[in-house]
Protein chains: 2
Amino acid sequence: MPDRTRGPNGPFPRPRYGARPTMKDVAARAGVGLKTVSRVVNGEPGVTAETEHRVREAITALGFRRNDSARVLRKGRTASIGLVLEDLADPFYAPLSRAVEEVARDHGALLLNGSSAEDPARERELVLALCARRVDGLVVVPAGGDHRYLEPETAAGLATVFVDRPGGLIAADAVLSDNFGGARDGVAHLVAHGHRRIGFLGDQPRIHTATERLRGYRAAMAAAGLPVDASWVSLGPTAPDRVRAETERMLTGPSPVTALFTGNNRVTATAVRVLARHPRPVALVGFDDLELADLLTPAVTVVAQDASRLGRTAAELLFRRLDGDAGPPRHEELPTRLIARGSGELPPADGTSG
Amino acid sequence: MPDRTRGPNGPFPRPRYGARPTMKDVAARAGVGLKTVSRVVNGEPGVTAETEHRVREAITALGFRRNDSARVLRKGRTASIGLVLEDLADPFYAPLSRAVEEVARDHGALLLNGSSAEDPARERELVLALCARRVDGLVVVPAGGDHRYLEPETAAGLATVFVDRPGGLIAADAVLSDNFGGARDGVAHLVAHGHRRIGFLGDQPRIHTATERLRGYRAAMAAAGLPVDASWVSLGPTAPDRVRAETERMLTGPSPVTALFTGNNRVTATAVRVLARHPRPVALVGFDDLELADLLTPAVTVVAQDASRLGRTAAELLFRRLDGDAGPPRHEELPTRLIARGSGELPPADGTSG
DNA sequence: TAGAGGCTGGACAACGTTGTCAACAGTGGG
DNA sequence: CCCACTGTTGACAACGTTGTCCAGCCTCTA
């Protein structure tokens with residue numbers, strides 16, 4: 001039987017990287033000491049050009065690449081940060097994540113990320129896995145409402161910034177959009193165009209942004225002296241089936257609405273599809289911008305958040321913390337912007353508005 | 001002057017995680033040996049319930065969390081993979097990246113990722129940084145055309161799968177869409193609806209998918225016996241300004257087209273905006289699906305790729321490699337799907353088609 | 001020519017974990 | 001009563017890097 005490559009570690013094939021040359025190998029080949037190789041690799045002073053040249057030659061000859069795991073172990077800093085959000089593929093979160101990545105890059109850090117799928121247990125599992133990797137800091141779009149599990153980590157020095165939603169039961173930095181004000185302005189826009197019966201279709205009530213936007217809706221209605229029928233408000237999963245059913249219910253029920261405010265990009269996309277098939281025009285304002293929203297008929301009026309800026313702001317705050325800023329937890333709120341394109345300006349179509 | 005916490009490492013503040021309890025601390029507190037703690041943490045057998053209980057208590061009391069950097073150093077595997085693509089925020093790549101993440105998760109691995117911004121130097125820099133972290137494998141959407149720099153890495157055991165585009169000058173796995181066939185079918189669709197003057201607006205010629213799709217366009221034109229005027233083909237950056245100018249040029253030049261085939265999602269989005277303002281109807285088929293494409297007037301006909309499946313297939317292939325599959329480099333090609341929605345069925349509007 | 005001081009280079013320990021191996025206690029059989 | 005055996009436990013080295021510290025050499029000055 002041929003000699004399987006079984007090292008001192010038992011019957012398993014030696015680790016994939018077992019064959020990798022180390023600084024020791026480079027040192028041996030260049031005929032210098034270990035530390036001299038380290039100096040060259042890290043650009044430290046105190047090496048003659050001649051020695052450096054020999055070392056560099058050995059490095060390329062052997063294909064040496066420094067093992068950052070060992071470096072991290074020794075130095076205590078990993079130069080990497082973690083990002084946990086709901087869904088990397090969501091058109092709202094994708095630019096946020098790209099922005100975090102850019103800032104990380106500017107600080108020489110790599111980005112580890114994962115999607116929680118809006119599941120608190122999965123969020124926790126991901127976050128703790130990232131902690132085990134000893135990321136220097138975390139940017140988190142929280143799915144759960146209790147982040148006390150982070151306390152030992154933050155006590156040990158982990159920096160955490162929550163983004164899009166605040167963390168729960170923990171004092172921590174947060175960067176949020178003005179969800180309340182944005183929704184209020186969006187609904188006020190509908191009111192200003194004569195609507196009195198306005199529906200609110202939002203995400204699950206345990207999500208902070210959903211309840212804040214609902215609050216904005218109620219505030220706008222109250223400010224206009226308009227009653228809110230219980231059948232006009234619907235919070236729940238954003239699965240297309242549910243949103244479709246709820247939209248149709250609001251349009252055709254005993255107390256039909258003449259306008260809709262939709263609580264996020266996914267809800268808006270589904271609602272637009274329902275409205276496109278509906279016999280009478282229904283006004284619509286949605287939270288979050290959509291690609292091509294300007295090309296629909298009517299073009300969709302939205303309350304736009306700057307996802308990229310959310311991510312950038314959060315990441316910059318995180319790196320300020322990593323650079324030693326130890327002030328009290330900071331909450332930043334970014335403005336939203338109403339982009340009127342037409343769908344919010346349709347007049348009520350049922351004659352009940354007077 | 002107060003005594004700055006300067007450890008044995010010099011004037012720098014001790015690493016953030018310096019305060020972290022280690023297995024040694026846990027062992028001391030539980031009154032057991034180091035290795036016993038390791039056994040408990042890793043669920044290895046050979047520990048009595050009573051001992052395990054004491055260890056677990058110490059772990060929670062101290063807030064211990066295993067340091068995976070040290071573990072990695074010892075074990076040689078990092079249980080993490082890297083993903084390098086053009087832009088995490090692009091609606092085409094976001095689902096791809098999410099799919100890779102899901103597969104990684106199923107295999108207990110974390111995902112490190114970065115955007116190359118279509119810059120070969122940046123791609124290389126990112127890839128090598130990931131190699132230094134000793135990711136177990138890499139999924140790469142290549143920006144550059146020369147990946148010989150990966151040779152020392154693959155020789156040392158790094159598994160690499162290219163996705164969306166093949167790697168250059170290196171024998172490696174690749175998972176691609178049928179770009180040629182998809183474009184050919186899309187253009188044939190336009191031909192079938194009477195078009196003879198069809199423009200092709202694509203990405204930069206150094207990008208493999210761009211030239212493959214152009215090849216498909218030419219094949220469809222040739223198959224229909226149609227000449228291709230040089231002014232009908234434009235490859236270049238997908239910046240909206242350029243695409244807008246090129247679209248207008250093709251529509252109004254001396255030899256105007258009656259239909260357009262657009263080479264990717266960004267180009268399509270810009271072209272649709274130009275066509276919406278154009279006086280006469282122009283047929284359009286685009287490569288890549290767009291959210292809400294079905295709601296535009298006319299609804300946009302597309303050649304859809306399954307980005308999610310591309311990512312999943314690539315990641316699964318990567319993990320098969322990590323599990324020991326050492327066969328020759330594999331090239332998988334995934335089918336595309338023509339989704340006819342109307343914009344491709346507009347008849348030629350200039351009377352020159354006869 | 002001796003001594004000081006600067007520059008270069010290397011030996012060694014430490015980071016926190018896991019694999020190896022040996023020691024130990026307890027059990028049952030001869 | 002001893003021995004073999006099983007099951008539990010811990011001491012120790014090693015993973016690859018970096019920080020500390022010291023040794024040797026060279027140059028310059030008195």
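Tabulated data for the structure shown
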item	result
Nearest-first distances (nm) between copies at A:Lys75, label 7 Å from Cα via Cβ	2.4
Charge dipole of the protein assembly as shown about the Cα centre (unit charges at C-beta), most positive-ward option of B:Ala304, A:Asn42, B:Phe287	A:Asn42
Neighbour-count order for B:Asp178, B:Asp294, fewest beta carbons within 10 angstrom listed first	B:Asp294, B:Asp178
Label-point separation, A:Arg320 to B:Ser231 (7 Å along Cα→Cβ), nm	5.6 nm
Degrees between helix A:120-132 axis and first principal axis of chain A (Cα, 0 to 90, nearest 10)	20 degrees
Theoretical FRET efficiency, 1/(1+(r/R0)^6), r = Cβ-Cβ of B:Asn42 and A:Glu125, R0 25 Å, to 0.05	0.90
Share, in percent, of DSSP beta bridges within the range A:196-354 that are antiparallel, nearest 5	20 percent
Shortest-first distances to equivalent copies, position A:Pro45, nm, label 7 Å out along Cβ	6.0
Among A:Gly181, A:Ala104, A:Ala239 - extreme Cα towards positive end, dipole of chain A, charges at beta-carbon	A:Ala104
Cα radius of gyration and Dmax for the protein assembly as shown (Å)	28.8, 93
Alpha-carbon radius of gyration plus Dmax, which is the widest Cα pair, for the range B:99-258 in Å	19.5, 59
Cα-centre dipole for the range A:179-305 with unit charges at Cβ (Lys and Arg positive, Asp and Glu negative), debye to 20	360 debye
Nearest-20 debye value, the range A:16-66 charge dipole, Cβ charges on Lys, Arg, Asp, Glu	300 debye
Mean separation of Cα contacts under 8 Å (6+ apart) over length of the range A:277-351, as relative contact order %	47 percent
Chain B: radius of gyration over Cα atoms, expressed as a fraction of 2.2 N^0.38 Å	1.33
0 to 90° range, to nearest 10: angle between helix A:93-106 axis and chain A longest Cα axis	30 degrees
Within-10-Å neighbourhood charge of B:Val32 [Cβ basis; K, R +1; D, E -1]	+3
Approximate spin-label separation B:Arg337-B:Thr22, in nm, with each point projected 7 Å along Cα-to-Cβ	5.5 nm
Helix-derived mean residue ellipticity, 222 nm - over chain B, DSSP H n ≥ 4, -39500 (n - 2.57), to 500	-12500 deg cm²/dmol
Local electrostatic count at A:Ala315 - Lys and Arg +1, Asp and Glu -1, tallied over other residues with Cβ under 15 Å	-4
Within-10-Å neighbourhood charge of A:Pro21 [Cβ basis; K, R +1; D, E -1]	+3
Tail fraction, Cα-Cα pairs, the range B:16-66, threshold 14 Å, whole percent	41 percent
Teacher prompt: A:Ala171 distances to equivalent labels in other copies, 7 Å Cα→Cβ, nm	6.2
Principal axis dimensions, the range A:179-305 - Cα atoms, whole angstrom, descending	32, 31, 26
Contour minus Cα-Cα distance for B:Ala349 and B:Arg148 (0.36 nm per residue)	67.3 nm
Rounded to the nearest 20 debye, dipole of chain A from Cβ charges on Lys, Arg, Asp, Glu	1300 debye
Beta bridges per DSSP with both ends in chain A, % antiparallel, nearest 5	10 percent
Average Cα contact separation per residue, chain B, under 8 Å, 6 or more apart, as relative contact order %	16 percent
Test item: B:243-249 mean partner chain Cβ contacts at 10 Å	0
Dimensions (Å) - the range A:234-354, Cα atoms, principal axes, largest first	60, 28, 27
Nearest-ten-degree value, helix B:307-322 long axis tilted from longest Cα axis of chain B	40 degrees
Fluctuation leader among A:Ala224, A:Ala19, A:Ala340 - chain A, Gaussian network, Cα springs under 10 angstrom	A:Ala19
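Bear in mind that the values in this text are calculations on the coordinates, not laboratory data. Note that the structure is predicted; figures quoted are calculated from it, not measured. No Cβ is skipped: glycine too gets one built from the backbone with ideal geometry, and neighbour counts run over all protein chains shown.
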